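Below: the structure, in structure tokens.
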Amino acid sequence: MTKVEYLKKMGFEINPFQYTNADKEKDYIERYFIFPDYFEDVWGDPVNPVSNIIYAPRGAGKTAQRIMIEKRAQKHENLITITYTDHDLSNFTSASEISLNYHLEYLNRLLLLSFFTRLSTLEDIKFVNLFSFNERQYLYKLCKIYLYDTPASFPKQALKSLKTIEDIGLDLWKKFKAPFSEVIKNISKAKGVEIDLSKIEVDKSLKFSHKDNLSNILSLLGKLNI
């Protein structure tokens, strides 16, 4: 009896052990995933979220759990998940140069993309009415900081990292063959306010306030029921 025959006899249509990385099994991992005892604790209460860190050796199922968290989140319209696993470290010469600000800056980029993806899919939202003038001005400045001059590797990594409610969210970004600043311009124009990021001035204090910007972006997402 061959291995393929044995697996079929055991009820498997495919070999569930052929990959060591669960990312390659996203399409069918739900069919044989075994929930660990603490899975519900990791999921927690989205209304009152807390941080969780999973420590486990290689092959213990960390990636599989992350994928299952993402899949569950996709069933909730008020949740988004962001996968932050790809890092462009080409500008650093040593690990000591990688600061907290590097991570916060990258996460803010991904969060802003999720904001505009959600904004573009909600046709009934009146952008100018939902957000005050000051909020819109602040949002434009954030776009200038995080989405105007991005690393060459960012678009590809962003598309892989951003998990939205429906595939249409990612398809939106793939359809544009222009820089992200042009994507933002098109989305904002559809909402009644066209943003030209090249004309927006940003003071230095805001440019380096990545931690505060992170909190404020989360608040803006909250206004979109995230």
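The values are calculated or read from the model by the stated rules, or taken from the named source; none is laboratory data. Quick caveat, the model's predicted, so the values are computed rather than measured. Please note: Cβ atoms are built from the backbone with ideal geometry, for glycine as well, and neighbour counts cover all protein chains shown.
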ask   = Would you say ILE184 is modelled with pLDDT of 70 or more, over 29 Å from GLN74 (Cα atoms) and among the β-branched types (Val, Ile, Thr)?
value = no
Filtering segment 11-49 for residues that are exposed (fewer than 11 other Cβ atoms within 10 Å of the Cβ), over 17 Å from HIS76 (Cβ atoms), under 21 Å from the mean Cα position of the chain (by Cα) and modelled with pLDDT of 85 or more leaves a count of 0
Residues of segment 51-77 being under 14 Å from the mean Cα position of the chain (by Cα) and either part of a loop (DSSP other than H, G, I, E, B) or modelled with pLDDT under 85 (or both), in sequence order, are GLN74
Heads up, the helices (runs of 4 or more DSSP H) in segment 79-151 (entirely inside) with at least 2 residues that are modelled with pLDDT under 85, among the aliphatic types (A, V, I, L, M) and over 21 Å from ASP203 (Cβ atoms) are 100-121, 127-130
